[in-house]
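Q: There's a structure below that I have some questions on.
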């Protein structure tokens, strides 16, 4: 299996992340009949049919055995139940998990396959602007890695890690990270209204500032600290704002928050069976 479209791909769960991946497959020319989906929710099955012209099944079927790659995209708390219903059909396939908190050992035990890749995408994947951290067990072959990369490529950028434990840090930084950015955007917009601007003006300024600053940081060879210093004149407006943030311990609070997310990711792995 060298490309995502070389054989049938099965999705266990048909929610947002599965939909993003299925959309990429369909845009890439994969036939609807080569995409198998198990999704208990009737409304979501209908959305998949309408959006991608695929038939999603309410329950696991023997047709799953045709898949060379099985994508686990159910809520973590539903994984064991879903796996118990699918195991007899999927043990011969490589497995890709996009579930938070489910370690690869648990996927091996539940699916019967040692060939497991874990991916931690984030919600910008829904518009092709995501970044996903990936870890592959030693049993995963080069061709299967390539298949996973081809499947995930339409969602954004990919970053492989050598240790599965590093996915807890990936979860804390990039998977949970959009929520931190949205919180900052909320605060920017609130400040805009407090200063007399309209909500629409505040939104435009906040979104434009974050997008522009991120693009500049990505294109510049200088580290963010240098870029920050170039905007900051002693005694100026930026200095006043950064001094207030420093007094409130904003930088330290952000680091503590991300580390809290990392700890919780590890705890979820323990709760869901290691």
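The values are calculated or read from the model by the stated rules, or taken from the named source; none is laboratory data. Keep in mind that this is a model prediction, so the values were computed, not measured. When we count neighbours, we look across all protein chains shown, and the Cβ atoms used for this are built from the backbone with ideal geometry, even at glycine.
Q: Which one of these is in contact with a strand residue (DSSP E or B) (Cβ under 6 Å, 6 or more places away or on another chain) and over 23 Å from residue 15 (Cα atoms): 113, 174?
A: 113
Quick grid of which residues meet (1) at pLDDT below 95; (2) surrounded by 16 or more Cβ atoms within 10 Å (Cβ to Cβ):
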site: 69; (1), (2): no, yes
site: 78; (1), (2): yes, no
site: 81; (1), (2): yes, no
site: 92; (1), (2): yes, no
site: 97; (1), (2): no, yes
site: 110; (1), (2): yes, yes
site: 121; (1), (2): yes, yes
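Q: Moving on to the next point. For residue 83, are the conditions met, namely being more than 17 Å from residue 163 (Cα to Cα), part of a helix (DSSP H, G or I) and in contact with a helix residue (DSSP H, G or I) (Cβ under 8 Å, 6 or more places away or on another chain)?
A: For residue 83, the condition - more than 17 Å from residue 163 (Cα to Cα), part of a helix (DSSP H, G or I) and in contact with a helix residue (DSSP H, G or I) (Cβ under 8 Å, 6 or more places away or on another chain) - is met.
Q: Hey, another quick one. Please count how many residues of the range 198-237 are farther than 21 Å from residue 179 by Cα and part of a helix (DSSP H, G or I).
A: 11
Q: Kindly check whether there is at least one residue in the range 18-26 that is out of contact with any helix residue (DSSP H, G or I) (no Cβ under 7 Å at 6 or more places or on another chain) and either within 14 Å of residue 97 (Cα to Cα) or not assigned by TED's automatic domain parsing to the domain that holds residue 103 (or both).
A: Within the range 18-26, one or more residues are out of contact with any helix residue (DSSP H, G or I) (no Cβ under 7 Å at 6 or more places or on another chain) and either within 14 Å of residue 97 (Cα to Cα) or not assigned by TED's automatic domain parsing to the domain that holds residue 103 (or both).
The rows are residues; the columns are (1) crowded, with 20+ Cβ neighbours inside 10 Å; (2) out of contact with any helix residue (DSSP H, G or I) (no Cβ under 8 Å at 6 or more places or on another chain); (3) outside any helix (DSSP H, G or I).
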site: 11; (1), (2), (3): yes, no, yes
site: 30; (1), (2), (3): yes, yes, yes
site: 40; (1), (2), (3): no, yes, yes
site: 50; (1), (2), (3): no, yes, no
site: 54; (1), (2), (3): yes, no, yes
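Q: Okay, next question. Failed condition for residue 174, given (1) over 18 Å from residue 263 (Cα atoms); (2) free of Cβ contacts under 8 Å to residues at least 60 places away in the same chain; (3) in a helix (DSSP H, G or I), with all others met?
A: (1)
Q: Could you list, in sequence order, the residues of the range 37-54 that are more than 13 Å from residue 16 (Cβ to Cβ) and in contact with a strand residue (DSSP E or B) (Cβ under 9 Å, 6 or more places away or on another chain)?
A: Of everything in the range 37-54, those that are more than 13 Å from residue 16 (Cβ to Cβ) and in contact with a strand residue (DSSP E or B) (Cβ under 9 Å, 6 or more places away or on another chain) turn out to be 37, 38, 45, 46, 49, 52, 54.
Q: In this structure, is residue 103 in the same structural domain as residue 137 (by TED's automatic domain parsing), closer than 18 Å to residue 272 by Cβ, surrounded by 19 or more Cβ atoms within 10 Å (Cβ to Cβ) and touching a strand residue (DSSP E or B) at 6+ places or on another chain (Cβ under 8 Å)?
A: yes
Q: Only one residue in 50, 59, 89 is assigned by TED's automatic domain parsing to the domain that holds residue 149, over 22 Å from the mean Cα position of the chain (by Cα), without any contact (Cβ under 8 Å) to a residue 12 or more places away in the chain and on the phi < 0 side of the Ramachandran plot. Which one?
A: 50
Q: Just one of the numbered conditions (1) buried (at least 16 other Cβ atoms within 10 Å of the Cβ); (2) in a helix (DSSP H, G or I) is not true of residue 158; which one?
A: The single condition residue 158 does not satisfy is (2).
Q: A further question follows. So, in the range 224-274, exactly how many residues are assigned by TED's automatic domain parsing to the domain that holds residue 213 and at positive phi?
A: Total satisfying the criteria: 2.
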